1. What helices (runs of 4 or more DSSP H) completely inside region A:39-88 contain at least 2 residues that are more than 23 Å from A:GLY148 (Cα to Cα) and more than 14 Å from chain B (Cβ to nearest Cβ)?
2. Just name the residue that is modelled with the highest pLDDT out of those in region A:143-163 that are hydrophobic (A, V, I, L, M, F, W, C) and in contact with a Ser or Thr (Cβ under 8 Å, 6 or more places away or on another chain).
3. Of the numbered conditions (1) at pLDDT below 80; (2) outside any helix (DSSP H, G or I); (3) of a type outside the set (Gly, Ala, Ser), A:ARG115 fails exactly one; give the number of that condition.
4. Considering only region B:41-63, state which residues are among the charged types (D, E, K, R), more than 8 Å from every other protein chain (Cβ to nearest Cβ) and surrounded by fewer than 15 Cβ atoms within 10 Å (Cβ to Cβ).
5. Would you please list the contacts, defined by Cβ atoms under 6 Å and residues six or more apart or on different chains, that run from a residue in region A:61-81 that is without any contact (Cβ under 8 Å) to a residue 40 or more places away in the chain to a residue that is of a type in the set (Ser, Thr, Tyr) and surrounded by 13 or more Cβ atoms within 10 Å (Cβ to Cβ)?
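The values are calculated or read from the model by the stated rules, or taken from the named source; none is laboratory data. Because the structure is predicted, anything quoted here is derived from the model rather than measured. Don't worry about glycine lacking a Cβ; one is built from the backbone with ideal geometry, like all the others, and counts go over all protein chains shown.
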Amino acid sequence: MHNNDNLDMDRYNMVKQQFLKNWMRGLVACNPSLRVMSIKERKLTIKLSADIAMAATRSGATIWSRALLSRATVNTSQRLLVRRILRKYRYYPKNVIRRPSKNGSRLSKRVRKGRKMSKIRFLGQENALEKRTEMLKNLVPGGHLMDGKCLIEETLDYVVHLQAQVDAMRTITADFISCGHVNK
Amino acid sequence: MSSRRSRQASVSRISDDQIIDLVSKLRQLLPEIRPNRRSDKVSASKVLQETCNYIRNLHREVDDLSERLSQLLETIDADSPEAAIIRSLIM
């Protein structure tokens, strides 16, 4: 574990850096309107940019990132934000896994199979492990599309990126505060 | 009958070897699980629960930080040092 530490830290810092760039790019794209928004709206915009920025660092290589991006493209105004942040990547969220639609045949076979299997499990025979797995699936974006092994791998990836996101946001907020910006 | 059960199990449940391997990686990420527990005896259920709690905490923190940042940006003016920070980060 120790000889991997430096490598992991470098990679982690790179993820943080990339997240910050993406996030700032997103906020700049909203710039004129940011100032006139209500606090609540601005918070949602900040949060949305942060989530898109986090997903973008993965460039669609994971299910969770594609699920997050597809969640964001539901709304037209949000779609612009996604476009802006992903601008430098070749990947555009056209192939993301769509939300459950009435037209079920559009989904890939694997997705349909995964969903069917999770329905079968709800026969009242759940043990603690299955309950917790279900909880985890609710927390990880796109979790219900994953089966056991995939879920754990995606969770690992997602947690690392979440940590980077939180770290980066904390740093920015702290910078703001330390700059002497105390309102009261 | 056992083959049918194992086929269903392989889709919806994780095999033991995979659990041990991946769970150990997950444990390294989670701050709460004490490192002095014997690695093969930690239940997957406990790890999953810790993971869920951890993810929930991280979500909450992102939410709080966004709220905080939004409030800080509320009173920004064009010439303040905070605006300069934003500008320098963007360029």
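1. Details: elements: A:39-56, A:63-72, A:76-86.
Ranges flagged: A:76-86.
2. Step one: list which residues in region A:143-163 are hydrophobic (A, V, I, L, M, F, W, C), which gives A:145-146, A:150-152, A:156, A:159-160, A:162.
Within this subset, residues satisfying the condition of being in contact with a Ser or Thr (Cβ under 8 Å, 6 or more places away or on another chain) are A:151, A:159.
Working: A:LEU151: 85, A:VAL159: 90.
Applying the filter and picking the extreme gives A:VAL159.
3. Among (1) at pLDDT below 80; (2) outside any helix (DSSP H, G or I); (3) of a type outside the set (Gly, Ala, Ser), the lone unmet condition for A:ARG115 is (2).
4. In the first step, residues of region B:41-63 are kept if they are among the charged types (D, E, K, R); the result is B:41, B:46, B:50, B:56, B:60-61, B:63.
Then drop every residue that is not more than 8 Å from every other protein chain (Cβ to nearest Cβ), which leaves B:41, B:46, B:50, B:60.
Correct list: B:LYS41, B:ARG60.
5. A:ARG79/A:THR73
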